[in-house]
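Structure first, commentary second.
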Amino acid sequence: MKAQRTHILVCTGTGCVSAGAFDIMETFQKEIEKHGLQEEIDVVPTGCNGFCENGPLVLFEPEGIFYQRLKVQDVPFLVEEHCLKGRPVPTLMYTPHRKKTPIPAMKDIEFFKYQKLVALRNRGRINPEKIEDYIAFDGYLGLAKSLTEMSPEQIIEQIRISGLRGRGGAGFPTARKWQVCKEQPNSPKYLICNADEGDPGAFMDRSVLEADPHAVIEGMAIGAKAIGAEKGFVYVRMEYPLAVERMKKAIKQAEDMGLLGDDILGSGFNFKLSVAIGAGAFVCGEESALIRSIEGQVGRPRQRPPFPAQKGLWGKPTNINNVETWVNVPQIIRKGGAWFASVGTEGSKGTKIFSLVGKINNTGLVEVPMGITVREIVFGIGEGILGGKKFKAVQTGGPSGGCLPESMLDLPIDYDSLASVGSMMGSGGLIVMDEDTCMVDVARYFTNFLAGESCGKCFTCRKGLERMLEILTNICNGKGKEGDVELLEELAIMVKDTSMCGLGQTAANPTLSTIRYFRDEYDAHIKEKRCPAGFCKELITYSILEDKCIGCGACKRVCPTDSISGEKKQTHVIDTKTCIKCGACVEACKFDAINVV
Amino acid sequence: MPKLTIDGLDVEVEKGTTLLEAIRFLGIEVPTLCHNDGLTPLGACRLCIVEIGKPPRSKIVTSCTYPAEDGLIVHSNTQRVINQRKLIIELMIATVPSSKTIQDLASKFGVTKCRFVPEHGECIHCGLCVRMCNEQMMAGAIGFAERGKDMVITTPFDKTSDVCRLCGACMYICPCCELRCQGPNAETTVCSGCLNLEAPCLDTYDEKMCFLDPCAACELTGPFRAEKKKKVQA
Amino acid sequence: MTKLTVEDLKRIKGEAQRTVLLREGTARAKVTVFMGTCGITAGAREIMDEVLQLIMQHHLDDVIATSSGCAGLCSKEPMMAVEYRFSPPVKYIDLTREKVREIFESHVLKGEPVPEYALGVGSETMG
């Protein structure tokens with residue numbers, strides 16, 4: 001093994017790849033060879049760092065210096081300065097919002113400072129396509145321990161002590177799930193890793209598969225030993241080509257090394273794993289729909305009980321866990337359940353990955369201890385609302401989660417407190433909304449998504465959501481009438497109560513929670529035909545403020561419908577009859593003279 | 001042999017019995033629409049809902065698909081169940097106002113007004129025809145396609161099916177279709193005829209005759225076919 | 001490839017220790033070679049090369065070699081600093097391959113600084 005002085009870790013998660021990470025990596029390699037440094041410096045592709053807002057990201061170790069938003073043309077200069085002359089380049093470092101001094105070290109950046117990495121411990125640190133890298137960072141030692149030193153009962157006991165709950169949304173205790181499946185008399189038993197992540201704006205599963213595929217394999221192999229399964233599937237959607245590719249590569253490597261297959265590590269234990277590719281239906285994230293999809297049938301949920309643990313894939317006992325749940329397993333086994341349980345709250349142990357998106361300064365993927373408050377995530381890690389606007393709401397748990405208002409900012413995030421306020425943990429989406437977001441429109445948007453993604457079997461979910469969408473659209477278009485909100489609530493409760501699977505049972509959350517916390521916005525739409533956020537096109541008009549307009553003509557030039565008229569240096573006027581409310585003038589005006597009511 | 005309590009009555013049933021069967025065994029009435037004793041339960045219409053468990057942790061399930069489990073406490077007629085059921089019927093009426101089956105249900109449960117704009121649809125996607133075709137006629141000519149609000153019942157790829165024997169069982173069992181065709185009418189009468197022909201056979205209509213001979217005549221000469229053609233062309 | 005045993009797994013992990021070290025930034029000793037333009041002209045590349053070779057020769061997996069910019073004392077180049085465990089860094093000046101070897105044997109391996117080549121002890125930067 002050659003001695004090297006620097007590793008350049010280039011983030012190659014999907015976010016950075018689409019921002020050009022592969023080109024950056026290639027240029028690094030070329031430049032380093034040009035300077036004859038290839039013996040001393042290694043360029044390593046890694047999984048997603050989480051700070052996707054600022055990609056492509058590159059980390060120089062051991063110095064720990066973090067470069068962001070790199071362009072190919074920056075690389076020659078960076079290599080010359082940093083690698084050759086040893087001078088870090090401040091202009092390419094991260095500068096926090098509304099501040100001037102760049103922060104060189106990754107560990108000092110707010111976004112990373114408050115995070116606690118357990119599931120994502122290898123992100124941005126190992127090359128996900130090299131099994132040796134994973135082993136170097138204690139990989140497969142948990143599997144070795146469970147195969148050589150532990151009985152299935154001991155493994156489940158450690159999981160029970162850890163307090164690990166399903167990370168896919170419902171938060172069912174993992175140990176109990178395993179126990180039920182283990183006790184089933186039928187065989188063979190199957191394991192499934194649910195990586196069918198369909199929430200708009202959520203990408204934690206994808207990121208884990210791309211950054212640390214071997215952790216999923218190891219977690220599943222340990223689970224297989226505990227439950228007594230011999231075959232497993234990783235169910236990934238085809239929209240995640242990079243995740244599929246890395247997972248397949250990882251499985252191949254593990255097979256070649258004898259970490260999957262027959263007689264693993266000489267212990268006599270057999271476990272095979274393969275990738276099953278889904279077509280990307282949101283509903284296939286539901287256990288029973290997912291099973292049907294693997295079987296080659298239409299992905300449509302079925303009545304539970306019998307639960308998959310009793311009757312799952314091809315009628316055999318099947319245990320399904322989410323990606324994030326599986327990757328926590330190896331570390332719990334290696335370090336003990338008590339270690340894992342030392343973080344988190346009474347009912348929710350460990351850490352949780354959230355994808356932080358919306359009107360926030362730092363979007364990306366964060367892993368934080370359970371029990372952290374919404375405020376700490378939004379204003380600490382996220383560094384506040386984009387453009388200094390006012391915070392309005394945060395939606396937790398993906399499209400079927402609830403929207404929490406400002407008064408809930410200090411709510412600790414864990415399974416039980418989120419459920420108690422009408423939202424849910426879900427798979428961990430966090431969508432931040434500012435004062436310009438119309439909450440009725442938010443409910444409409446998510447109801448539209450869910451009405452389209454419902455499998456359509458249950459009349460109430462299909463028709464109920466369709467009718468809810470109709471009412472919400474009417475309200476947004478200024479056609480709402482008295483009694484609409486009550487009817488909406490009635491429908492929402494019916495959909496929640498009478499639908500069969502998790503999709504329908506949670507589909508009313510966006511509507512119910514926005515009615516609960518933002519009733520005034522609904523009333524303004526219906527009674528005053530006014531959209532308080534100035535968003536719903538049918539309910540707003542554009543006008544120009546006389547005292548602010550200087551007659552520069554900037555708005556007139558950008559108006560696509562020629563609705564703005566006025567002489568130079570005179571106050572301009574908008575013809576509201578032809579105005580299509582596109583907002584181009586608002587963006588063009590430097591004097592805030594366009595008024596939207 | 002699971003023992004359970006239904007509306008306060010203790011009952012012991014055979015393993016594998018559904019809640020609906022157990023409830024009906026006791027003589028308690030539960031409305032159904034997508035249920036048929038000869039077909040596998042689907043749980044599509046949600047009319048047969050019952051409440052299980054004790055409040056506040058009780059939940060609503062469809063009795064036709066839920067297995068009778070030992071120790072289960074079932075209430076078939078709580079206020080919650082009745083309220084939801086009435087709203088479901090109201091939604092169904094709005095979807096297919098002309099179905100006599102649904103109209104009867106509405107009148108039975110006292111649903112007298114409909115707060116939704118009627119769709120004048122032709123299908124509530126109960127899946128009876130699909131299951132009939134698959135399980136009893138052993139044809140498998142029709143099935144569900146698309147999902148969510150776009151879901152339709154059709155032949156594979158909307159092509160003329162070569163396994164369909166035109167037996168008409170699908171139309172026989174359809175709650176929206178049945179009792180609607182009144183045969184050929186005078187031109188002045190507005191016929192609410194076989195709108196639901198669309199499900200299995202309208203797209204193949206030009207080549208094949210409908211098994212309901214008068215109905216076909218009505219469709220060919222009546223106003224609806226022309227309307228439909230216009231719609232398709234648009 | 002032959003199948004692994006638990007021992008193999010631990011061996012691979014041991015061999016990869018250097019990678020871990022580099023990416024975690026914790027080590028027994030850290031050698032910083034000052035590689036500004038002045039340093040490179042004075043032969044800092046050779047010094048870096050020597051340090052890396054020495055690390056390999058001694059099969060050390062807990063010593064980091066890294067580079068830094070001009071230290072400001074261009075007339076004394078090539079220079080390097082050695083940081084042993086938690087003691088303050090010692091700067092060495094006017095280096096040659098021989099001197100590096102000597103410093104390496106004594107300071108990096110045993111933790112005993114070599115005063116005759118040293119400029120001073122301590123660091124002018126924060127942290």
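The values are calculated or read from the model by the stated rules, or taken from the named source; none is laboratory data. All figures in this text were calculated on a predicted structure; none of them were measured in a lab. When we count neighbours, we look across all protein chains shown, and the Cβ atoms used for this are built from the backbone with ideal geometry, even at glycine. In case anyone asks, the SASA skips ligands and DNA or RNA and just uses the protein heavy atoms, side chains included. Shrake-Rupley method; radii C 1.70, N 1.55, O 1.52, S 1.80 Å.
Below, the figures for the structure above:
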{"quantity": "For A:R557: the one exception among (1) in a helix (DSSP H, G or I); (2) within 14 Å of chain B (Cβ to nearest Cβ); (3) open to solvent by 70 Å² or more (accessible area, probe 1.4 Å)", "calculated": "(2)"}
{"quantity": "Subset tally (residues that are within 14 Å of chain C (Cβ to nearest Cβ) and either more than 16 Å from A:T27 (Cα to Cα) or outside any helix (DSSP H, G or I) (or both)) for the range A:51-79", "calculated": "9"}
{"quantity": "Residues located in the range B:102-115, provided they are buried (at least 18 other Cβ atoms within 10 Å of the Cβ) and assigned to a loop (DSSP other than H, G, I, E, B)", "calculated": "B:V111"}
{"quantity": "Residues within the range A:226-270 that are surrounded by 24 or more Cβ atoms within 10 Å (Cβ to Cβ) and out of contact with any Leu (no Cβ under 8 Å at 6 or more places or on another chain), tallied", "calculated": "2"}
{"quantity": "Residue match in the range A:508-520 (condition: surrounded by 18 or more Cβ atoms within 10 Å (Cβ to Cβ) and part of a loop (DSSP other than H, G, I, E, B))", "calculated": "yes"}
{"quantity": "Residue count for the range A:120-162, restricted to those that are touching a Gly at 6+ places or on another chain (Cβ under 7 Å), open to solvent by 10 Å² or more (accessible area, probe 1.4 Å) and at pLDDT below 95", "calculated": "1"}
{"quantity": "Considering residues of the range C:16-38 that are under 23 Å from C:A71 (Cβ atoms) and touching a helix residue (DSSP H, G or I) at 6+ places or on another chain (Cβ under 6 Å) only, the residue farthest from the other protein chains (Cβ to nearest Cβ)", "calculated": "C:A29"}
{"quantity": "First in the range A:537-552 and at negative phi and charged (D, E, K, R), second anywhere and part of a helix (DSSP H, G or I) and surrounded by 19 or more Cβ atoms within 10 Å (Cβ to Cβ), Cβ under 8 Å, 6 or more apart", "calculated": "A:E538/A:C476"}
{"quantity": "Subset of the range B:34-66 (residues that are open to solvent by 10 Å² or more (accessible area, probe 1.4 Å) and in contact with a Pro (Cβ under 6 Å, 6 or more places away or on another chain))", "calculated": "B:T65"}
{"quantity": "Yes/no for B:V81 being under 25 Å from B:R115 (Cα atoms), at pLDDT 95 or above and touching a Leu at 6+ places or on another chain (Cβ under 7 Å)", "calculated": "no"}
{"quantity": "Residue tally, condition of a type in the set (S, T, Y) and within 10 Å of chain B (Cβ to nearest Cβ), over the range A:429-473", "calculated": "2"}
{"quantity": "Any hit, the range A:182-189, residues being outside any helix (DSSP H, G or I), touching an Asp or Glu at 6+ places or on another chain (Cβ under 9 Å) and open to solvent by less than 30 Å² (accessible area, probe 1.4 Å)", "calculated": "yes"}
{"quantity": "Residues (within 28 Å of B:Q103 (Cβ to Cβ) and open to solvent by 70 Å² or more (accessible area, probe 1.4 Å)) located in the range B:150-166", "calculated": "B:D150"}
{"quantity": "Check on A:E210, modelled with pLDDT under 95 and either open to solvent by 10 Å² or more (accessible area, probe 1.4 Å) or under 30 Å from A:A451 (Cα atoms) (or both)", "calculated": "no"}
{"quantity": "Test: residue in the range A:584-593 that is open to solvent by 20 Å² or more (accessible area, probe 1.4 Å) and either in contact with an Asp or Glu (Cβ under 8 Å, 6 or more places away or on another chain) or part of a strand (DSSP E or B) (or both)", "calculated": "no"}
{"quantity": "Helices (runs of 4 or more DSSP H) enclosed by the range A:115-176 - at least 3 residues per element that are small (G, A, S) and in contact (Cβ under 8 Å) with a residue 24 or more places away in the chain", "calculated": "A:141-148"}
{"quantity": "Failed criterion for A:P88 (all others in (1) assigned to a helix (DSSP H, G or I); (2) in contact with a Pro (Cβ under 7 Å, 6 or more places away or on another chain); (3) surrounded by fewer than 21 Cβ atoms within 10 Å (Cβ to Cβ) hold)", "calculated": "(1)"}
{"quantity": "Filter pass, A:G358 being touching a residue at least 12 places away in the same chain (Cβ under 8 Å), in contact with a Leu (Cβ under 8 Å, 6 or more places away or on another chain), surrounded by fewer than 22 Cβ atoms within 10 Å (Cβ to Cβ) and at positive phi", "calculated": "yes"}
{"quantity": "Residues of the range B:95-129 classified as away from chain A (no Cβ under 11 Å), charged (D, E, K, R) and farther than 29 Å from B:I142 by Cα, total", "calculated": "2"}
{"quantity": "Test: residue in the range B:58-71 that is assigned to a strand (DSSP E or B), over 22 Å from B:F116 (Cβ atoms) and among the acidic types (D, E)", "calculated": "no"}
{"quantity": "Total residues in the range A:413-444, condition more than 16 Å from the chain's Cα centre (by Cα) and closer than 9 Å to A:G401 by Cβ", "calculated": "2"}
{"quantity": "Out of C:K76, C:K13, sole residue that is over 11 Å from the mean Cα position of the chain (by Cα), surrounded by fewer than 21 Cβ atoms within 10 Å (Cβ to Cβ) and at the interface with chain A (Cβ under 8 Å from one of its Cβ atoms)", "calculated": "C:K13"}
{"quantity": "Members of the range C:15-54 found to be modelled with pLDDT under 80 and either part of a loop (DSSP other than H, G, I, E, B) or closer than 30 Å to A:D263 by Cα (or both), listed by number", "calculated": "C:E15, C:A16, C:Q17, C:T19, C:V20, C:G25, C:T26, C:A27, C:R28, C:G36"}
{"quantity": "Candidates B:M138, B:M132, B:M92, filtered to the one that is surrounded by 19 or more Cβ atoms within 10 Å (Cβ to Cβ) and away from chain A (no Cβ under 12 Å)", "calculated": "B:M132"}
{"quantity": "The range B:8-45, residues that are at negative phi, more than 19 Å from the chain's Cα centre (by Cα), not in a helix (DSSP H, G or I) and not hydroxyl-bearing (S, T, Y)", "calculated": "B:L9, B:D10, B:V11, B:E12, B:V13, B:E14, B:K15, B:L26, B:I28"}
{"quantity": "Residue match in the range A:443-457 (condition: free of Cβ contacts under 8 Å to residues at least 40 places away in the same chain, under 24 Å from A:V357 (Cα atoms) and crowded, with 24+ Cβ neighbours inside 10 Å)", "calculated": "yes"}
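Here's the yes/no breakdown for (1) open to solvent by 90 Å² or more (accessible area, probe 1.4 Å); (2) among the polar types (S, T, N, Q):
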position	(1), (2)
A:G534	no, no
A:E538	yes, no
A:S563	no, yes
A:K581	no, no
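One line per residue, one yes/no per condition, for (1) open to solvent by 20 Å² or more (accessible area, probe 1.4 Å); (2) touching a helix residue (DSSP H, G or I) at 6+ places or on another chain (Cβ under 8 Å); (3) more than 22 Å from A:S207 (Cβ to Cβ):
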| position | (1), (2), (3) |
| --- | --- |
| A:E383 | yes, yes, no |
| A:G397 | no, yes, no |
| A:S400 | no, yes, no |
| A:P405 | no, yes, yes |
| A:P412 | yes, no, yes |
| A:G429 | no, yes, no |
| A:V432 | no, yes, no |
